[in-house]
Amino acid sequence: MRTRRTVFNIHLYIGLAVGLFLILSGLTGSMIVFREEIEKLMHPELLETTASGERLPVQSVLNTIKRVYPEDKIVFIRMPRTLRETYLFKMNSAHDLFVYADPYSGEVLGAHRQEDTLIGWVALVHTELLIGERGKTTLGVAALLLICMSITGIYLWWPPNGKISRGLKIDWRGPWKKLVFDMHRAFGIYSVLFLLIVAFTGISLVFNKTVAEVTNFLTASAPRPSPPLSNSLEETGTMPPIDDLLHKANRILSGPTTWITFPQTPYAPLVIRKKMPGELNPNGKSFIYFDQYNGEVLLVEDTSSAPVGTRIYNAFYPLHTGVLGGLPTRILQVIVGFLPLLLFVTGYVMWINRRKARGYRSASKNSSGSRHEK
């Protein structure tokens with residue numbers, strides 16, 4: 001009983017401490033599962049165009065963006081994945097200015113800060129609580145504590161008499177306090193596996209280096225190679241035409257290009273990201289690194305030949321976002337996002353009821369003691 005009481009207190013106080021963070025993370029996560037579809041519905045003028053003729057060279061569109069936004073620095077380009085999709089240029093950082101361009105006419109279609117759109121703001125809340133790295137770390141710690149809550153919850157759920165079936169049922173006709181208890185217990189055990197997956201994969205996105213190292217250690221796998229460096233001694237002041245690098249990348253890896261990452265320091269490489277057949281990650285996890293000055297290929301990372309540890313780690317993101325199994329798992333991910341709210345509310349009501357009952361017992365003892373003294 002003493003052990004059970006200790007585990008109960010750990011479960012209770014962790015829930016009270018991080019419950020609101022988990023609710024916020026869960027609800028915002030449910031909203032961004034269909035982020036791309038929602039954005040296309042809300043901003044079709046930015047994200048979709050009419051396919052007409054041949055696409056312009058990427059360098060031509062790139063030059064237009066630089067001319068229109070001379071004070072901003074291009075960090076990423078999201079390449080069109082369909083005939084009608086537009087270019088997305090991320091400027092200054094991954095979450096700052098988003099600029100959209102038509103791949104056929106080269107026209108700049110519009111721009112906005114990420115936080116200026118509803119779904120962009122929700123995504124920032126989900127990933128970093130609107131406060132950058134501190135918020136990201138806070139959510140990572142909350143996910144770690146969610147794992148602790150899940151483990152202690154399994155311990156508390158397990159019936160001492162071994163009658164598991166009782167912990168799986170909800171007495172919908174019983175007293176409301178028992179109904180709340182049954183809901184917390186049954187929904188908790190039904191959802192614990194999903195919550196553990198979401199928590200662990202979320203941790204892998206926050207503390208990515210640590211999780212990757214542990215995964216490689218457990219699978220006896222070699223780590224990913226460190227990003228190579230450009231040779232700054234060959235600096236010419238101009239980067240090779242991006243279309244030349246794209247053609248070279250296509251000869252090396254046949255999959256479609258999903259993103260281009262531009263160097264932000266004199267030593268950084270230019271990175272072309274590709275999605276190879278069979279990859280689980282919607283953006284792909286295959287990379288080709290180029291010297292930013294002479295266009296020399298510095299490193300090729302083909303996920304199909306990556307070590308086991310890297311391939312396992314690469315599966316964590318699609319698991320977290322629900323894209324692993326297509327539409328059914330995405331819908332399931334939306335439902336899972338509401339579970340922290342349900343469990344927190346039922347747990348909080350149980351805690352309040354317990355405190356009230358304890359108060360009544362204490363008042364009753366005091367009243368009884370006073371009458372006895374008289």
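Within segment 211-227, the set of residues being polar (S, T, N, Q) and in a helix (DSSP H, G or I) comprises Thr215, Asn216. Do we have any residue at all in segment 12-29 that's closer than 30 Å to Thr346 by Cβ and in contact with a Cys (Cβ under 9 Å, 6 or more places away or on another chain)? Yes, because at least one residue in segment 12-29 is closer than 30 Å to Thr346 by Cβ and in contact with a Cys (Cβ under 9 Å, 6 or more places away or on another chain). Number of residues in segment 108-162 that are over 24 Å from Lys90 (Cα atoms), among the aromatic types (Phe, Trp, Tyr) and open to solvent by 60 Å² or more (accessible area, probe 1.4 Å) equals 2.
With respect to (1) among the acidic types (Asp, Glu); (2) closer than 30 Å to Leu324 by Cβ; (3) part of a loop (DSSP other than H, G, I, E, B), the lone exception for Asp72 is condition (2). For segment 70-105, the set of residues classified as in contact (Cβ under 8 Å) with a residue 60 or more places away in the chain, in contact with a Pro (Cβ under 8 Å, 6 or more places away or on another chain) and crowded, with 18+ Cβ neighbours inside 10 Å consists of Met79 only. Residue selection: Gly325 satisfies the criterion of being within 17 Å of the chain's Cα centre (by Cα), of a type in the set (Gly, Ala, Ser) and either open to solvent by 40 Å² or more (accessible area, probe 1.4 Å) or more than 30 Å from Lys209 (Cα to Cα) (or both). Filtered by the rule that a residue be open to solvent by 40 Å² or more (accessible area, probe 1.4 Å), out of contact with any strand residue (DSSP E or B) (no Cβ under 9 Å at 6 or more places or on another chain) and among the β-branched types (Val, Ile, Thr), segment 300-322 gives Val308, Ile312.
Here is the figure for segment 305-326: residues that are touching a residue at least 12 places away in the same chain (Cβ under 8 Å) and either touching an Asp or Glu at 6+ places or on another chain (Cβ under 8 Å) or closer than 30 Å to Met31 by Cβ (or both) total 13. Annotation: of all residues in segment 40-69 being buried (at least 19 other Cβ atoms within 10 Å of the Cβ) and in contact with a Leu (Cβ under 7 Å, 6 or more places away or on another chain), the one that is nearest to Lys136 (Cα to Cα) is Leu46.
Within segment 336-363, the set of residues being free of Cβ contacts under 8 Å to residues at least 12 places away in the same chain and not hydroxyl-bearing (Ser, Thr, Tyr) comprises Val345, Ile352, Arg354, Arg355, Lys356, Ala357, Arg358, Gly359, Arg361, Ala363. Of all residues in segment 260-274, those that are at negative phi have Cβ atoms under 6 Å from Cβ atoms of residues that are among the hydroxyl-bearing types (Ser, Thr, Tyr) and modelled with pLDDT under 95, 6 or more apart or on another chain, in Pro266/Ser232; Tyr267/Ser230; Tyr267/Ser232; Pro269/Ser230.
Residue-wise test of (1) modelled with pLDDT under 95; (2) in contact with a Cys (Cβ under 7 Å, 6 or more places away or on another chain); (3) under 30 Å from Lys178 (Cα atoms); (4) aromatic (Phe, Trp, Tyr).
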| residue | (1), (2), (3), (4) |
| --- | --- |
| Val300 | no, no, no, no |
| Gly309 | no, no, no, no |
| Gly359 | yes, no, yes, no |
| Ser370 | yes, no, no, no |
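Out of Ile203, Ile189, which single residue is closer than 30 Å to Phe262 by Cα and surrounded by 15 or more Cβ atoms within 10 Å (Cβ to Cβ)? None of the others qualify; the one that does is Ile203.
The values are calculated or read from the model by the stated rules, or taken from the named source; none is laboratory data. Nothing here was measured: the structure is a model prediction, and the numbers come from that model. Glycine also receives a Cβ, built like all others from the backbone with ideal geometry; neighbour counts cover every protein chain displayed. Note: accessible area is taken over every heavy atom of the protein model, side chains too, but ligands, DNA and RNA are not part of it. Shrake-Rupley method; radii C 1.70, N 1.55, O 1.52, S 1.80 Å.
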